[in-house]
1. Specify whether the C-alpha gyration tensor of the chain places it in the rounded, prolate or oblate class, a ≥ b ≥ c being the square roots of the eigenvalues: rounded for a/c under 1.5, otherwise prolate if a/b is larger than b/c and oblate if not.
2. Determine the relative contact order of the chain: mean sequence separation of Cα pairs under 8 Å and six or more apart, normalised by residue count, in whole percent.
3. Give the angle, between 0 and 90 degrees and rounded to the nearest 10, that separates the Cα long axis of helix 50-68 from the longest principal axis of the Cα atoms of the chain.
4. Set Lys and Arg Cβ to +1 and Asp and Glu Cβ to -1, take the dipole of the chain about its Cα centre, and tell me which of 268, 116, 335 lies farthest positive.
5. With a point put 7 Å past each Cα toward its Cβ, work out how far residue 290 is from residue 158 in nm, to one decimal.
6. So what's the back-of-envelope 222 nm ellipticity for the chain, counting only DSSP H runs of four-plus at -39500 (n - 2.57) apiece and dividing by all residues, rounded to 500?
7. Between residue 111 and residue 171, what is 0.36 nm times their sequence separation minus the Cα-Cα distance? Round to one decimal in nm.
8. As I understand it, the dipole of the chain uses +1 on the Cβ of Lys and Arg and -1 on the Cβ of Asp and Glu, about the Cα centre. Which of 432, 100, 208 lies farthest toward its positive end?
Amino acid sequence: MSRALCWIRRDLRLDDHTALAEATRHAKSVAVVFVYDTQILARLVDRDDRRVTFIHRSLDDLDGRLKAQGSRLLTRMGEPAEVIPRLSRELSVDTVFANHDDDPYALQRDQSVGQTLSRDGRELKTFKDCVVFERDEVMNPSGNPYSVFTPYSKAWKARLTPADVAPRTPDLTRLCPESDLPAARGNLPLSEIGFVSNDLWLEPGANGAQDRLSSFLAKIDRYKTDRDFPALESTSGLSVHLRHGTVSVRQCFREALAREGNGASKWLDELIWREFYHMILAKFPHVVEEPFRGEYKSLEWPGTQAAYEAWEEGRTGFPLVDAAMRCLKATGWMHNRLRMVTAMFLTKDLLVDYRRGESLFARWLLDFELASNNGGWQWSASTGVDAQPYFRIFNPILQSRKFDPEAAFIKQWCPELAGFEPELAHWPHDAGPIEQLAAGCRLGEDYPHPIVDHSIQRQLAINLLSRKS
Ligand SMILES: Cc1cc2nc3c(=O)[nH]c(=O)nc-3n(C[C@H](O)[C@H](O)[C@H](O)COP(=O)(O)OP(=O)(O)OC[C@H]3O[C@@H](n4cnc5c(N)ncnc54)[C@H](O)[C@@H]3O)c2cc1C
């Protein structure tokens, strides 16, 4: 009887799953494995990293689903290039099925797993799954990658057929029965992986994803108008599930395409931004280390360590920036508008290299995704593909008045400003002694003075970025 292994990585679900569907088509018995990759775990700084908690709890959920089908999840810890070939021998599988992961490390890892397997006469087969169109599937008429979003998005939509988003349904009757699996099955305890659990603001696993998707779809009509207001919680919050594959991106696209109206079409565009940045990472992998735009390659950002630390710790004296950074640190989440505001503040007001902010987001974001994080940072720093022009710089106070008009978000995360009227909460530095007394907030003591003058820094940023090499 032919046996296969389905190696799950960033696709922690059983439904609408390309590799699992292919594996159950190919083999009569399919075992599902997840490897806690020691190379990835070793790079994580925090023992209570929320991503590990999210993955661990999603795998508990997946194991429960496999158990309900008469099978179990296998989890192992180690280097995939050793673990996968060893397990394949143990289970006598001929083929290992997995979905593509185009992060540079993952490509290298898969190449070495594939080589080791082939020395044993086995094969690693990988499939597109985490995006609808990948790599060079959407190219411009001259056959080159797009570097501007709007024409890319038009071409993406023109190429789309229903088959591209149709569900890839696995035959779950072909899952390997529990009795045929090795004794070491189920999810490893978190402590054995060397981590401790952390609080999550959202429910992990496929159920968590489906609940979140349906509650978002009930309000999708307001998405276009409300999506920029952090206090409204009007976006889907699905990025974490998309990152870990607890929801299928095809399902998200099917839901968006099945609806009419500005809300659904705006959401469709956001999902296509994700595809765009995945394509950019695959076609221009130099963006991981360097600016997309070559003219900024040797740019030296003059921002200081002290300025960086004030930004990281949420004590710049700019309330919206501080509130956003404190929210990120406390929850692992930041609203898209605030990601743009804080990234632009670090690069254009504090003149700090975007890579420092990018790597802090990579450490703290629960939805951290190399392609979108790099794309978002390079957009904000004006060094990237289809980036914000360097002379268009957000004014953090105007952003605050416009997108947090009641200062509700600011007051949630900077409680020392809660006693001020909204106008002063946006810019408390205008408060006189009596207003400070009435609000119970002494500037310079309870809340910091601004560390820079926005209008001066704005000009310095324009000078810096117009002086290309
Ligand atoms: C500096 C910066 C860093 C970012 N880092 C990440 C990151 O590490 N991981 C990440 O998934 N997104 C990142 N983004 C994009 C965006 O902020 C998040 O995808 C979004 O806030 C997630 O919230 P949501 O799921 O409620 O989005 P929704 O508004 O509901 O959008 C639906 C989905 O579309 C995708 N999407 C939306 N906006 C973007 C965008 N601008 N770029 C790419 N995909 C998008 C996401 O997958 C999102 O879940 C970053 C943006 C910036 C400016």
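1. In terms of gyration-tensor shape, prolate.
2. Reported relative contact order: 16 percent.
3. Roughly 30 degrees, rounded to the nearest 10.
4. Toward the positive end, the furthest listed residue is 116.
5. 3.2
6. Theoretical 222 nm ellipticity from helices: -14000 deg cm²/dmol.
7. Gain on stretching residue 111 to residue 171: 18.8 nm.
8. Result: 100.
None of the figures in this text is laboratory data; all of them are computed from the coordinates on show. Here the structure is a predicted model, which is why all the values come from computation and not from measurement. Because the Cβ atoms are built from the backbone with ideal geometry, glycine has one as well, and the counts that use them run over all protein chains shown.
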